1. Please report the net charge: other residues with Cβ closer than 13 Å to the Cβ of residue A:47, K and R +1, D and E -1.
2. Mean Kyte-Doolittle of at least 1.0 plus a Cα span of 15 Å or more along the axis: flag which DSSP H helices in chain B meet both, please.
3. For chain B, what is the largest minus smallest coordinate of the Cα atoms on each principal axis, given in angstrom and ordered from greatest to least?
4. Could you put A:71, B:127 in order, starting from the residue whose Cβ has the fewest other Cβ atoms within 10 Å?
5. For residue B:190, enumerate residues with amide H under 5 Å from its amide H, sequence gap 5+ or separate chain, H modeled in the peptide plane.
6. What is the ratio of the Cα radius of gyration of the range B:87-191 to 2.2 N^0.38 Å, with N the residue count, to two decimals?
7. Given the options B:113, B:99, B:44, identify the residue whose Cα lies farthest towards the positive end of the charge dipole of the range B:1-123 (+1 on Cβ of Lys, Arg; -1 on Cβ of Asp, Glu).
8. In which sequence would A:28, B:217, B:32 go, from the one with the fewest C-beta neighbours within 10 Å to the one with the most?
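Laboratory data are not the source of any read-out in this text; all were calculated from the coordinates shown. Predicted, not measured: the structure shown is a model, and the values here were computed from it. Here the Cβ positions follow ideal geometry from the backbone for every residue, glycine too, while neighbour counts run over all protein chains shown.
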Amino acid sequence: MEHVHVAHAHPTPKLYLAVFAALMVFTLLTIAAAFQNFGVLNNVIALAIAGIKTTLVVLFFMHVKYGSRLTKIFAVTGFLWLSILISFTLSDTEARRHLRQEKSVQWPSGWAPLPAEVKEPGAPSAEHGEPHEQAAERH
Amino acid sequence: MSEQAHISAAHHDPFVAHQFDDRAQQTEAVSLGMWAFLVQEILFFGGLFTGYTVYRSYYPDAFIAGSHHLDIFYGGFNTIVLIASSLTMAMAVWAAQNSKKNQLVLFLILTLILGLIFLGVKVIEYTDKFNHHLVPGWDFQWTEPHGHPKYVQIFYSFYFAMTGMHALHMIIGAAIITPLIIMAMRGKFHKDYYAPIEVFGLYWHFVDIVWIFLFPLLYLIGRH
């Protein structure tokens, strides 16, 4: 029974403090990164940092690193199912996005074509038109 | 006590319930059960995160415009408060594992206080949103040049649904930790029995993880 050994291994306060310090650093890093323009990478960086922080919390604060293999599978499964939920949903909604931008398609009332959003009369155009968004809208 | 339980209590560790072979099996069952609940929680919040992703993809400019009205100071401050509360919670579990009663009580109280500070800041933020007519469906007004009001309202719907559901989890957490503090004061937890502290810790850290994602997704988009 291999889990007999691991169940009694516990992290120390010193390790908890180190994890806390790392979480603080990553928090400051995600704020700093948000003010830089990395184009489409801004979202990737924000989610990557949140992912690293989550991994630290799950492994050390939630003791999954010291848990049984079954506990590890449970933890990973949760995030795996979440990724299925998001990716399968987006495969549908992002496909419909093409359709909604087609002017020729007759939409039920209330279903305005997508680009209507920013093109308000008198709205200053430049500042928010980041390259990645324009690129995203072209797709 | 039944005869059966009597026999098993005589043969076993008194802190192992009779349906378990040994303490390791019991400990694993406890954390697995909690993880099963947390997996469900991941998917429960996952629905909100999925909706957020779909609508942010549809209306990126409205989401950025709406996000600019959130205060990074409050959001960042609360992030630090919540991570600090995760540290004190982890320390509480450590104190329980080492039968340090006074430290356990102290760390649990600190966790509760930090949780209440988080909720207090959330009250300030929500009040500000009400005062600035930024609550969807409730006299919503949007006068900024950027972002169509109709779509900015979608951003604020997600803001209130996601932070509101998160705050509800914090309130439930505060309601659970209070009796745990009283039980800890009475010396109920020690190295042989601390499962409630361990399991509550898992819940509290999960709520922290949700905020770790909410902060960049709601407060930090399109800031450059």
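1. Summing Lys/Arg as +1 and Asp/Glu as -1 gives +2.
2. Working: long enough: B:23-58 (52 Å, 0.39); B:72-97 (37 Å, 1.34); B:101-131 (45 Å, 1.18); B:149-185 (52 Å, 1.25); B:195-214 (29 Å, 1.43).
Helix filter hits for chain B: B:72-97, B:101-131, B:149-185, B:195-214.
3. Projected onto its principal axes, the Cα set of chain B covers 75, 32, 30 Å.
4. Numbers: A:71 21, B:127 10.
Least to most surrounded, the residues fall as B:127, A:71.
5. Correct list: empty.
6. Numbers: Rg = 19.6 Å, N = 105, 2.2 N^0.38 = 12.9 Å.
Against the empirical 2.2 N^0.38 Å value, I get 1.52 for the range B:87-191.
7. B:113
8. Numbers: A:28 12, B:217 22, B:32 16.
Least to most surrounded, the residues fall as A:28, B:32, B:217.
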